[in-house]
Amino acid sequence: MRTIRFLLQKEFLQIFRDKGMLPIIFLMPLIQLIILGNAATYEIKNIDIYIVNKDRTPVSRRLEEDFLSTKYFTISGYSSQVSEAKKSMQEGDTDMILVIPRHFERDLKNKHFDKLDMLFNAENGNSAAVSQTYAQSIVQRFTRQWQRNHPSLTPVKPQKLINIDTVNWYNPELDYTSYMVPGILVILVTMIGMFLSGMNIVKEKEVGTIEQLNVTPIKRYQFIIGKLAPFWILGLGELAFGLFAAWIIFGIPMVGSLVLVFFVAAIYLLVVLGLGLFISTMTDTQQQAMFIAWFLMVVFILMGGLFTPIESMPVWAQKVTFFNPIAHFIEVMRRVLVKGAHISDIKNQIIVLGSFAIAIIALAVSRYKKVSA
Amino acid sequence: MNSFIGFVKKEFYHIIRDYRSLIILFGLPIIELILFGYAIRNELTSAKIGIYDQSNDHVTHEITDKILSSGYFQLYGYLHTTQQVDKAFRDGSVREVIVFGSKFSKKLGDGEHADVQLIADASDPNMSRMLVGYTTSILLNYEQSIQTPGKHQLLTVVPEIRMFYNPELKSVNLFVPGLIAVILMLVSALMTSITITREKEMGTMEILLVSPLKPIQIIVGKVLPYLVLSFVNVMMVLGMALYIFHVPFRGGFIMFISESMLFTITALSLGLFISTTSSSQQEAMMKALAGLLLPTIMLSGFIFPVTSMPKILQWFSVIIPARWFLVIIKGVMLRGVGIQYLWKETLILAVMAIVFLVISMKKFKTRLD
């Protein structure tokens, strides 16, 4: 026990003496949280619309206004030539072109029917799809209004009506940050855990000080505990710090129990640290360790359901995500913090993470040898 | 000159002998591309829904069938109490619950309003918006289909929608340019900064500094192998994107190569800059990760559109080279435009490259403290 305490003391001293790393450990997560929390949104707020109005009647002007009065659309150009608009799109200044055809008003009055051309810059498929739904709903609203203002043109009242009432649970304002921030916290904790622990032992290897530790009477398990415990504590501290910052800055909901969050986080960090340890037993230089850790991080994040929902993936990919610890912890964070899940609601995740932790640490410990090759 | 060639050779050997790093260096882009091409989707495919049917008649069954056969939804099960609804949301079994009010078909027949409630799990706002949107349109379609045809025509304006440059809305088309930027950053900036700090940390920098090599030769020698590596990497990603994922390439190839080179030089100079300001590999790596890679992924418009961000972040994104590079690459690959449309972005990148290069050359110390 005394040995472990000394080892811990050594590690903490090393961490806190490194003046270059200290701000990185504590400031970087904060900055990332602020930036990512604000940047990570699929909401489309600013669609640059180019209006080509060939009609130029009061009705077509009203349609224009309907577009521009929403907060989503900003005008990037206006003319009566489609070719001008297309040029602007090619330059990248325009996201959407709305073409109001000639005789728009006349056709609406006489034929009750007309066509509108909407051209989208679909380089970003997701944005284009969202913009399209916005645009369509504006056109729908426009037609409804038009009908109401011209009762003589209104058709007979439909006799069969379905009344649709929509309720958005857990997040009635559809606020994106309360969805993203819990996930981002997971990434931050993972980064600290995996990179620092992964590079720590390799550093001793690379610099040569591992030999000195190997010849001491420190036992294998003592060495491992001494190496992992500091980062385990650091990771939990980081999570507490991050949660506090998220609560202050973004006011993210904390419906569920924080004790539960930390309980799962404690297990999750064991998985992450175990991975870091495993990486360090496989590599000789910090560069390699960092590369492998980075590689795993990227795959875990992309497959973790942070940015894109796991349900949207093909079935094979969904099965692969079962082995992704980040996916499980993100799920837990979201369910507990936003939805107020109880321990019984997330017992599967806890079991899975617990088994991962045991497996990976056992693997890493068995690979770690006190004899260098 | 001879000693310089020897030095470059040494650097190449360092890289090539480290097969583990090499595997990752080439494996990572391939895996990322495959993930983006096959696995990462934003579209709704089979969201789990629950049905809480309080009337249980032929109309509600018909609507349920319509919803389930649309391909967007997958039935988790029928729920019978509000407690069950609550539980199903909390343990993540369902994303949406459709509640049919009582006496549904009777009300519909009598000309009353029949009630449907859509409860969505809005903890994922994007998803819930899509779910509610799809369900509503299915319900409205059904409503339309059961109307007795009247004399009057419904007034309609039909939007004719055309998607330019990427008609199938494939996300891989957008991700390939972003991926190229990330790879160039990873290889050029991260690797360079780490190799130089490594020499510092190991103490071999001293040996290099007392050698007859000039500082500029040391820098160029360190950077050159990575320039070659990133070039090979980009070609590989581009090849895969074109031949496996059929991402369009509409612009000029020379334009693409020269712009990529320009961006690589910017990234290399950033890597140099980081290495001059850090003393350990860990420090350099964390700085490169936090200062270069994450902004490249998050703030450049790679995944999230820049215009949707708060104004402050939009201003901040101006100093991120990848933001301009992405505009250029997307322009060249997807829209097929040339330098006459992209000279502004190119100029910004060039200025950035020169500024960082000058700063890091100045800061590169030839003495140890």
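The values are calculated or read from the model by the stated rules, or taken from the named source; none is laboratory data. Predicted, not measured: the structure shown is a model, and the values here were computed from it. Cβ atoms come from the backbone with ideal geometry, glycine included; neighbour counts cover every protein chain shown.
Within the option set B:Ser193, B:Ser171, being at pLDDT 75 or above, farther than 21 Å from A:Gln147 by Cα and of a type outside the set (A, V, I, L, M) holds for one residue only, B:Ser193.
Just one of the listed residues (B:Leu349, B:Leu326) is touching a residue at least 12 places away in the same chain (Cβ under 8 Å), within 19 Å of B:Val306 (Cα to Cα), within 11 Å of chain A (Cβ to nearest Cβ) and not polar (S, T, N, Q), and it is B:Leu326. With respect to being modelled with pLDDT under 85 and within 28 Å of A:Gly125 (Cβ to Cβ), B:Gln340 fits the description.
Applying the condition of being in a helix (DSSP H, G or I) and among the basic types (Lys, Arg) to region A:204-251 and asking which residue is modelled with the lowest pLDDT yields A:Arg220.
Of all residues in region A:7-23, which are in a helix (DSSP H, G or I) and either without any contact (Cβ under 8 Å) to a residue 60 or more places away in the chain or under 21 Å from the mean Cα position of the chain (by Cα) (or both)? A:Gln9, A:Leu13, A:Gln14, A:Phe16, A:Arg17, A:Met21, A:Leu22, A:Pro23, listed by residue number.
Residues of region B:16-33 that are under 29 Å from the mean Cα position of the chain (by Cα), surrounded by fewer than 18 Cβ atoms within 10 Å (Cβ to Cβ) and more than 10 Å from chain A (Cβ to nearest Cβ): B:Phe26, B:Ile30.
Residue-by-condition table, conditions (1) of a type in the set (A, V, I, L, M, F, W, C); (2) in contact with a Ser or Thr (Cβ under 9 Å, 6 or more places away or on another chain); (3) modelled with pLDDT under 85:
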| position | (1), (2), (3) |
| --- | --- |
| A:Met1 | yes, no, yes |
| A:Phe26 | yes, no, yes |
| A:Ile35 | yes, no, yes |
| A:Ile75 | yes, no, no |
| A:Leu98 | yes, no, no |
| A:Lys111 | no, no, yes |
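Pairing each residue of region A:62-77 that is free of Cβ contacts under 8 Å to residues at least 24 places away in the same chain with any residue that is surrounded by fewer than 17 Cβ atoms within 10 Å (Cβ to Cβ) and not aliphatic (A, V, I, L, M), provided the two are 6+ apart or on different chains, yields C-beta distances under 9 Å for A:Leu68/A:Thr74. Residues that are touching an Asp or Glu at 6+ places or on another chain (Cβ under 9 Å) and of a type outside the set (A, V, I, L, M, F, W, C) were ranked within region B:34-53; the one that is surrounded by the fewest Cβ atoms within 10 Å (Cβ to Cβ) is B:Ser46. Within the set B:Leu209, B:Leu242, B:Leu238, B:Leu272, the sole residue that is more than 29 Å from A:Ile192 (Cβ to Cβ) and more than 24 Å from the chain's Cα centre (by Cα) turns out to be B:Leu209. The set of residues in region B:262-299 being free of Cβ contacts under 8 Å to residues at least 24 places away in the same chain and aliphatic (A, V, I, L, M) consists of B:Met286, B:Ala290, B:Leu294, B:Met298. Looking at region A:270-359, the helices (runs of 4 or more DSSP H) lying wholly inside it that each contain 2 or more residues that are in contact with a Lys or Arg (Cβ under 8 Å, 6 or more places away or on another chain) and more than 22 Å from A:Asp175 (Cβ to Cβ) sit at A:286-302. Take A:Leu270 and tell me if it is more than 7 Å from chain B (Cβ to nearest Cβ) and modelled with pLDDT of 85 or more. Taking the combined requirement at face value, the residue satisfies it. One residue stands out among those in region B:283-307 that are surrounded by 22 or more Cβ atoms within 10 Å (Cβ to Cβ) and among the polar types (S, T, N, Q): the one that is nearest to the other protein chains (Cβ to nearest Cβ), which is B:Ser300. Here the condition is being at the interface with chain A (Cβ under 8 Å from one of its Cβ atoms), farther than 30 Å from A:Gly340 by Cβ and modelled with pLDDT of 75 or more; of B:His152, B:His113, it holds for B:His113 alone. Taking first residues from region B:117-139 that are more than 7 Å from chain A (Cβ to nearest Cβ) and more than 21 Å from B:Gly101 (Cβ to Cβ) and partners that are hydrophobic (A, V, I, L, M, F, W, C) and surrounded by fewer than 24 Cβ atoms within 10 Å (Cβ to Cβ), the Cβ contacts under 8 Å between residues at least 6 apart in sequence or on separate chains come to B:Met130/B:Leu44.
Taking strands (runs of 3 or more DSSP E) as the structural unit, those lying wholly within region A:24-141 and holding at least 2 residues that are facing chain B (nearest Cβ under 7 Å) correspond to A:113-121. Of the residues making up region A:84-123, those that are of a type in the set (Gly, Ala, Ser) and out of contact with any helix residue (DSSP H, G or I) (no Cβ under 9 Å at 6 or more places or on another chain) number 2. Taken residue by residue, region B:88-106 has at least one member that is closer than 30 Å to B:Phe302 by Cα, crowded, with 20+ Cβ neighbours inside 10 Å, without any contact (Cβ under 8 Å) to a residue 40 or more places away in the chain and within 9 Å of another protein chain (Cβ to nearest Cβ).
Here is the figure for region A:31-47: residues that are touching a residue at least 12 places away in the same chain (Cβ under 8 Å) and of a type in the set (Gly, Ala, Ser) total 2.
Per the listing A:Tyr78, A:Tyr72, the residue uniquely hydroxyl-bearing (Ser, Thr, Tyr) and in contact with a helix residue (DSSP H, G or I) (Cβ under 8 Å, 6 or more places away or on another chain) is A:Tyr72.
If you go through region A:142-152 and keep only what is more than 10 Å from every other protein chain (Cβ to nearest Cβ) and within 39 Å of the chain's Cα centre (by Cα), you end up with just A:Gln145. Taking region B:107-137, which residues are charged (D, E, K, R), in a helix (DSSP H, G or I) and in contact with a Ser or Thr (Cβ under 8 Å, 6 or more places away or on another chain)? Those that are charged (D, E, K, R), in a helix (DSSP H, G or I) and in contact with a Ser or Thr (Cβ under 8 Å, 6 or more places away or on another chain): none in region B:107-137. Among residues that are of a type in the set (Val, Ile, Thr), surrounded by fewer than 23 Cβ atoms within 10 Å (Cβ to Cβ), closer than 30 Å to A:Met313 by Cα and touching a residue at least 24 places away in the same chain (Cβ under 8 Å), B:Ile244 is included.
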